[in-house]
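Q: Quick one: the structure is below, questions incoming.
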Amino acid sequence: MRTSRRRREFLIATSAVAVQASLGAGCASRRTVVRGACHHDCADTCAWRTTVDDGRVVAFEGDPDHPFTRGRLCARMSGYPDDLVFSSHRLLYPQRRVGKKGEGRFERVSWDEALDDVARRLKAIVAEHGPTAVLPYSYAGTEGKIQGRALSDRFFVRLGASRLQRDICGSAAHSGLEAVLGTSTAMLPSDLAHSRLILVWGANPAVSNEHGWDFALEAKRQGARIVVVDPLRSRTVQDADQHVQPIPGTDAALALGLMQVIVAEGLHDADYVAKHTLGFDALRARLADFAPARVAAITGLAVEEIVALARAYATTRPAALRLMIGMEHHANGSSLYRALAGLPALVGAWRLRGGGLVEFSDAHFDGVLNRKAFDVGRQEDETIRSFNMVQLGQALTDKALAPPIHALFVYNSNPAAIAPNQNLVLRGLRREDLFTVVIEQQLTDSARHADYVFPATTQLEHLDLLTSWGHEYLSLNLPAIPPRGEARPNTEFFRGLAGRMGYTEPHLFETDEQMVKGLLDSRHPYLGGVTYDQLRERGWVRLAVPDPWLPFADGGFKTASGKCEFFSASLQAQGFDPLPGYVPPPPAGRYPLALLTTKSTRHFNNTSHAGEARPRRAEGEPRLQMHADDAAARGITDGDPVRVVNERGTMALRAAVKGGIRQGVVSLPQGYWPSLLPGGSSANALTPDGLSDRGGGGDFHDARVEVEKA
Ligand SMILES: Nc1nc2c(c(=O)[nH]1)N[C@H]1C(S)=C(S)[C@@H](COP(=O)(O)OP(=O)(O)OC[C@H]3O[C@@H](n4cnc5c(=O)[nH]c(N)nc54)[C@H](O)[C@@H]3O)O[C@H]1N2
Ligand SMILES: Nc1nc2c(c(=O)[nH]1)N[C@H]1C(S)=C(S)[C@@H](COP(=O)(O)OP(=O)(O)OC[C@H]3O[C@@H](n4cnc5c(=O)[nH]c(N)nc54)[C@H](O)[C@@H]3O)O[C@H]1N2
Ligand code: SF4
Ligand SMILES: [Mo]
């Protein structure tokens, strides 16, 4: 053990420089260990090391020295080289469609020929319909600063294309939190280790944030209590001491009910409230509407449960709220987060390490990187029309649009599977008069609808710099191997297309390394003077946030008033309720069951890996979770094939009739590719494509369905 550990350290110390390492029995080979970090839209942004021997990846492991991710890769990524990078279904060459849209028949073409033709078609569309007939569609397939949106933003701004509102994840939650705190970033996720009570609310971190969750489990080993508020019995509930199951979309009433009990019983921190909050008297008046009996009627919880939770939350110190984004995807999603955001100030939880609230933590990176050069050419013209990514189906099929969307560029996203109202999205993607270009690593359901598919490099093949939304480490990802086949980084696609469009602005042609170096050219104290070369050696650096990190122990909220704003004058000025309130979920209508389509897949990250053999096998087929009474009322037993139906679509799968889910609620995992499921539909075939009250998020957790035995 000791020898191999020493050898590993030696190899790491030499970083990406190839070294001669004798591997016993007289054989010598060129072995390199290359630093990298996970690109997934996942809070953990794990650091890893890839060992390459004569161009072959011989080991792929988490970096054991990384204090947050601690050397473990998850079930999604531990098999990455075989599952994707070297797999036979990897896209390796540009392809042109020869079959019908969606059929998946393509012929190989050269990069030059394909890019020439894309530029020719794009110019013709712009000449005939104007540049707003072009729509980019991308999301967080990679969280990398460079392969994410660095050059594509510059390209589409230069073109004058229609703009995409990328609000499908986090925006509604953040708008609610920011109304109260002025920011969405508060506690350090690792400080959950110091909490005595962890209230996990509308989140499933045991699956969605497994390295971050380790810190909560550490607290539990020290005696902390974990309470999960979720209509479903999620994997996280297995680690909890208590499970509270409100009716979906009623959490704002629960939060206000907790506040009512806390204030009525004098359990609030009057000193903290007086010094650091705004609008307490108005809030107190509002709380009169949220006595436990009424809250119990709204949420479907018992009065005693509400009162006991309020007392526990107010009297256990330090107490933390662990939120992610599961709760935001409701028509009232923003107001749910707003109601929750005031709880820590009410009880003075911010005073102590391990107290407060943790959601995304990416605002720690604000101002840290030098974005001066990076943002050149990325400022959008706000007068140009925009489409919310949640409503792609509407954008592609709206006949009244002038001009209609004639060209769609998809990269870092798989809208055929992730966007709500799937059948409308697919109808749009099948339009014969839509010119679609997809840049991908594999033939996703979106790529199957493309006129041209371009092969993208993977995280083992390109350079990138990554911030994180779940911890305070900045990571550099170095390419470990040359691109396979003719795969190229996203940036290379956009440089190639910009040249063919006749553009000459230098910022459209910057190299990936120039952009990384530019971002790191920062004197921000959090970076501690780290250089590009040092990061190449070390792989990651922890931001030097003050220690201990107590963001609001003495107030200092990021709101206009500097206080925790129970009362918001600025929202009032915009015509919104100045106080947190309860907006009921939409009425049930024809379909009796509420459907939650969650990210409970341990082997997929959204739709990533759902097309790969090993993760698919490991994840198994999707199941519809049902309460025993709801199943019995429909003659359904565990394992029966069922049809889930509503006005938008149908999904065929088997029922899992197990204890634990709230009656009246059913659930199934999102992430599966529709084309790989019976009937060609996945979760989003059933979801609505409306928007949340603020922040532009979706309302897909307001889906209503009926379930029939098949
Ligand atoms: N393994 C794995 N990890 C992932 C992902 C993945 O696909 N797979 N995706 C990543 C991404 S993009 C994100 S954004 C995060 C998301 O991370 P999470 O927010 O933790 O995940 P979700 O599954 O969206 O939602 C969490 C829980 O919210 C609950 N919920 C829904 N509506 C309500 C409500 O009205 N009230 C209450 N109290 N609860 C509600 C759901 O039942 C669900 O169990 O996970 C990331 N991590
Ligand atoms: N019903 C329902 N719908 C949901 C959700 C839900 O909970 N329920 N969750 C929503 C949320 S929170 C999110 S974040 C979105 C996720 O939406 P997306 O970001 O679209 O989801 P991913 O499946 O991660 O898609 C990423 C795609 O990018 C590709 N990719 C990865 N790296 C690269 C690269 O370097 N270059 C290129 N060109 N492509 C690359 C991958 O192969 C993959 O196909 O889904 C949303 N949709
Ligand atoms: S998907 Fe998340 S947990 Fe898994 S390796 Fe990537 S960052 Fe880590
Ligand atoms: Mo997300």
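Q: Can you pull out the residues in region 193-250 that are in a strand (DSSP E or B) and either of a type in the set (A, V, I, L, M) or modelled with pLDDT under 95 (or both)? Show your work before the answer.
A: Filtering region 193-250 for residues in a strand (DSSP E or B) gives 197-201, 225-229, 242-244.
197, 198, 199, 200, 226, 227, 228, 229, 244 - these are the residues of region 193-250 that are in a strand (DSSP E or B) and either of a type in the set (A, V, I, L, M) or modelled with pLDDT under 95 (or both).
Q: In region 42-57, what residues are assigned to a loop (DSSP other than H, G, I, E, B) and surrounded by fewer than 19 Cβ atoms within 10 Å (Cβ to Cβ)?
A: Here is the first cut: in region 42-57, the residues assigned to a loop (DSSP other than H, G, I, E, B) are 42-46, 54-55.
Once the filter is applied, which keeps residues that are assigned to a loop (DSSP other than H, G, I, E, B) and surrounded by fewer than 19 Cβ atoms within 10 Å (Cβ to Cβ), region 42-57 yields 54, 55.
Q: Failed condition for residue 456, given (1) surrounded by 24 or more Cβ atoms within 10 Å (Cβ to Cβ); (2) without any contact (Cβ under 8 Å) to a residue 12 or more places away in the chain, with all others met?
A: Only one criterion in (1) surrounded by 24 or more Cβ atoms within 10 Å (Cβ to Cβ); (2) without any contact (Cβ under 8 Å) to a residue 12 or more places away in the chain is unmet by residue 456, namely (2).
Q: Name the pairs: first residue in region 584-604 and within 14 Å of ligand 3 (Cβ to nearest atom), second residue among the hydroxyl-bearing types (Ser, Thr, Tyr), Cβ to Cβ under 6 Å, at least 6 apart or on different chains?
A: That search, which allows pairs on different chains as well, returns 599/208.
Q: Please specify each residue of region 84-98 satisfying the condition of being crowded, with 20+ Cβ neighbours inside 10 Å, over 13 Å from residue 447 (Cα atoms) and not β-branched (Val, Ile, Thr).
A: Within region 84-98, 84 is the sole residue that qualifies.
Yes/no per residue for (1) closer than 22 Å to residue 680 by Cα; (2) within 16 Å of ligand 4 (Cβ to nearest atom); (3) not small (Gly, Ala, Ser):
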site: 558; (1), (2), (3): no, no, yes
site: 568; (1), (2), (3): no, no, no
site: 581; (1), (2), (3): no, no, no
site: 584; (1), (2), (3): no, no, yes
site: 623; (1), (2), (3): yes, no, yes
site: 643; (1), (2), (3): yes, no, yes
site: 648; (1), (2), (3): yes, no, yes
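Q: I need the full set of residues from region 497-547 which are free of Cβ contacts under 8 Å to residues at least 12 places away in the same chain, over 30 Å from residue 123 (Cα atoms) and not β-branched (Val, Ile, Thr), in order please.
A: Within region 497-547, 523, 529, 533, 534, 546, 547 qualify.
Q: Condition first: among the charged types (D, E, K, R) and either touching a helix residue (DSSP H, G or I) at 6+ places or on another chain (Cβ under 6 Å) or outside the structural domain of residue 339 (by TED's automatic domain parsing) (or both). Can you find one or more residues in region 199-220 that meet it? I'd like the intermediate steps shown before the answer.
A: Filtering region 199-220 down to residues among the charged types (D, E, K, R) leaves 210, 214, 218, 220.
Applying the additional criterion that residues be either touching a helix residue (DSSP H, G or I) at 6+ places or on another chain (Cβ under 6 Å) or outside the structural domain of residue 339 (by TED's automatic domain parsing) (or both) yields 218.
Yes, region 199-220 contains a residue that is among the charged types (D, E, K, R) and either touching a helix residue (DSSP H, G or I) at 6+ places or on another chain (Cβ under 6 Å) or outside the structural domain of residue 339 (by TED's automatic domain parsing) (or both).
Q: Let me ask something else about it. Consider residue 221 carefully, then state whether it is within 22 Å of the chain's Cα centre (by Cα), surrounded by fewer than 23 Cβ atoms within 10 Å (Cβ to Cβ) and either away from ligand 3 (no atom under 16 Å from the Cβ) or over 13 Å from residue 322 (Cβ atoms) (or both). Walk me through it before giving the result.
A: Details: within 22 Å of the chain's Cα centre (by Cα): no; surrounded by fewer than 23 Cβ atoms within 10 Å (Cβ to Cβ): yes; either away from ligand 3 (no atom under 16 Å from the Cβ) or over 13 Å from residue 322 (Cβ atoms) (or both): yes.
No, not satisfied.
Q: Please verify whether residue 294 is outside any loop (DSSP other than H, G, I, E, B), under 26 Å from residue 223 (Cβ atoms) and of a type in the set (Lys, Arg), treating the condition exactly as stated.
A: no
Q: Checking the condition in contact with a Gly (Cβ under 8 Å, 6 or more places away or on another chain) and outside the structural domain of residue 322 (by TED's automatic domain parsing), which residue from 154, 108 passes?
A: Details: 108 fails: in contact with a Gly (Cβ under 8 Å, 6 or more places away or on another chain).
Just a single option satisfies the conditions, and that option is 154.
Q: Okay, next question. Take the residues in region 42-93 that are on the phi < 0 side of the Ramachandran plot and of a type in the set (Asp, Glu), then tell me which one is farthest from ligand 3 (Cβ to nearest atom). If you could, list the steps in order and put the result at the bottom.
A: Of region 42-93, the ones on the phi < 0 side of the Ramachandran plot are 42-44, 46-53, 56-69, 72-93.
With of a type in the set (Asp, Glu) added as a condition, the list becomes 44, 53, 61, 63, 65, 82-83.
On the way: 44: 4, 53: 22, 61: 11, 63: 11, 65: 15, 82: 15, 83: 12 Å.
Within region 42-93, the match that is farthest from ligand 3 (Cβ to nearest atom) is 53.
Q: Identify the single condition in (1) within 12 Å of ligand 2 (Cβ to nearest atom); (2) within 25 Å of residue 38 (Cβ to Cβ); (3) in contact with a Gly (Cβ under 6 Å, 6 or more places away or on another chain); (4) of a type in the set (A, V, I, L, M, F, W, C) that residue 186 does not satisfy, given that it satisfies every other one.
A: Condition (1) is where residue 186 drops out.
Q: Report the residue count in region 197-233 for those that are within 16 Å of ligand 2 (Cβ to nearest atom) and among the β-branched types (Val, Ile, Thr).
A: 1
Q: Taking region 393-419, which residues are away from ligand 4 (no atom under 16 Å from the Cβ), in a helix (DSSP H, G or I) and in contact (Cβ under 8 Å) with a residue 60 or more places away in the chain?
A: From region 393-419, those away from ligand 4 (no atom under 16 Å from the Cβ) are 393-411, 416; that's our starting set.
From the residues that got through so far, the ones that are in a helix (DSSP H, G or I) too are 393-397, 416.
Hits for region 393-419 are 393, 394, 395, 416.
Q: Further question: Out of 393, 333, I need the residue that is in contact with a Gly (Cβ under 7 Å, 6 or more places away or on another chain), assigned by TED's automatic domain parsing to the domain that holds residue 522 and of a type outside the set (A, V, I, L, M, F, W, C). Which one?
A: Working: 333 fails: assigned by TED's automatic domain parsing to the domain that holds residue 522.
Every option except 393 fails the conditions.
The values are calculated or read from the model by the stated rules, or taken from the named source; none is laboratory data. Since we're looking at a predicted model, the values are computed, not measured. Positions of Cβ are generated from backbone atoms using ideal geometry, with glycine treated the same way; all protein chains shown enter the neighbour counts.
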